[in-house]
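Note sheet for the following structure.
A short reminder: the numbers here are calculations on the coordinates, not readings from a lab. Just so it is clear, the model here is predicted, and its values are computed rather than measured. Here Cβ is always computed from backbone atoms with ideal geometry, including for glycine, and neighbour counts include all displayed protein chains.
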Amino acid sequence: MTGKTVLVVDDEQAVRQMVAFNLEREGYQVRQAADTVAARGEIADVRPDLLLLDWMLPGMSGLEFARALRRESYGQDLPIIMLTARGEEEDMVRGLNVGADDYVTKPFSPRELIARIEAVLRRAGASAPGDVLELGGLRLDLGSHRVSAGEQTVEVGPTEFRLLHFFMAHPERVYSRSQLLDRVWGPSVYVEERTVDVHIRRLRKALERHEAAQMVQTVRGSGYRFSARP
């Protein structure tokens, strides 16, 4: 994972320096920002591979900044790990629901943080063009734009392909309809939330013949999750 650029956004200089020291020892390029205004400038200048974002920041909070980034085209696919002293489950869920990819509670060990960074970057790399995603017997080839289950081809439309691609790149996480609209359709496209339900039904129908429809799971009151678990 060396050569990747990580932007550390934290108003505590000691935390930034500690994180930077340990990441640079592992071969990462590190940029630093003390608030979201500086962070925007860094993102525009260097296009980091991952954002380490403190929850409590002066001005706009890290939570609000993550939400804002997910609404903008250049921030939709930027991996984000939240750094925070807030360890309650409800806070963790709030962080993940605004689009963070992971959540690390302070104080944390450098080894844990690096392991989390590497895991998130691996998942982000799984969506690179030309790669193949495999989960629960399904195989999605981004290069050939094909989906297969075993030796059989699964026929899906272009929107269902994008939806399945997103799900397979982010398994086990629950996404609301509005989050799916932002991440799959894009924030600049206006469609109603029930459109998501229509394409979920089409995707399940396409997967039905291959006994994979159960992997597209409805989470009552929250949205949808893609999981190989029952």
Amide H contacts under 5 Å for Leu57, placed H, 5+ residues apart: Gly62
Net charge of Cβ neighbours under 9 Å - reference Tyr175; Lys, Arg +1; Asp, Glu -1: +4
So if we plug the beta-carbon distance of Phe21 and Ser61 into 1/(1 + (r/R0)^6) with R0 = 30 Å, what FRET efficiency do we get, rounded to 0.05? 0.70
Rounded to whole Hz and in sequence order, give me ³J(HN,Hα) for the range 56-72 from the Karplus expression 6.51 cos²θ - 1.76 cosθ + 1.60, θ = phi - 60°, writing x for Gly and Pro. 8, 10, x, x, 6, 6, x, 4, 5, 5, 4, 4, 5, 4, 5, 8, 10
Taking R0 as 22 Å, what FRET efficiency do you get between Arg162 and Glu211 from their Cβ-Cβ distance, rounded to the nearest 0.05? 0.45
Which one of Leu53, Leu63, Leu133 has the biggest mean-square fluctuation once the chain is modelled by GNM with Cα springs under 10 Å? Leu133
Using the alpha carbons of the chain, what is the convex hull volume per residue in cubic angstrom, as a whole number? 134 Å³
Linear extension gain, Asp131 paired with Arg194, 0.36 nm per residue minus alpha-carbon span: 19.6 nm
Each label point is 7 Å from the Cα along the Cα-to-Cβ direction; what then is the distance between the points at Asp141 and Thr105, in nm? 4.5 nm
Using 17 Å as the cut-off for backbone N distance, which residues of the range 47-64 belong to the label zone defined by a point 7 Å from the Cα of Gln29 along Cα→Cβ? 47-52
Using each residue's phi in the range 215-229, evaluate 6.51 cos²θ - 1.76 cosθ + 1.60 at θ = phi - 60° and report the 3J(HN,Hα) Karplus result to the nearest Hz, with x for Gly and Pro. 6, 8, 9, 8, 10, 4, x, 10, x, 10, 9, 10, 8, 7, 7
Could you give the C-alpha radius of gyration of the range 132-226 expressed as a fraction of 2.2 N^0.38 Å, taking N as the number of residues it contains? 1.02
Using a 10 Å cut-off around each Cβ, can you sort Met168, Met56, Met215 from fewest to most neighbouring Cβ atoms? Met56, Met168, Met215
By Cβ neighbour count within 10 Å, fewest first, Val30, Val154, Val219 rank Val219, Val30, Val154
Tell me the mean residue ellipticity at 222 nm calculated for the chain from its helices only (DSSP H runs of n ≥ 4, each -39500 (n - 2.57), averaged over every residue, nearest 500). -12000 deg cm²/dmol
List the residues, sorted by chain then number, that are 5 or more residues from Val154 or on another chain and whose placed amide H is less than 5 Å from its amide H. Val147, Ser148, Ala149
Cα-Cα pairs of the range 5-125 separated by more than 20 Å (percent): 33 percent
Considering amide H positions built from the backbone, and no H for Pro or chain starts, which residues 5 or more places from Tyr103, or on another chain, come under 5 Å of its amide H? Met82
For Ala38, what charge total do you get from the other residues with a beta carbon under 12 Å from its beta carbon, if Lys and Arg give +1 and Asp and Glu give -1? -2
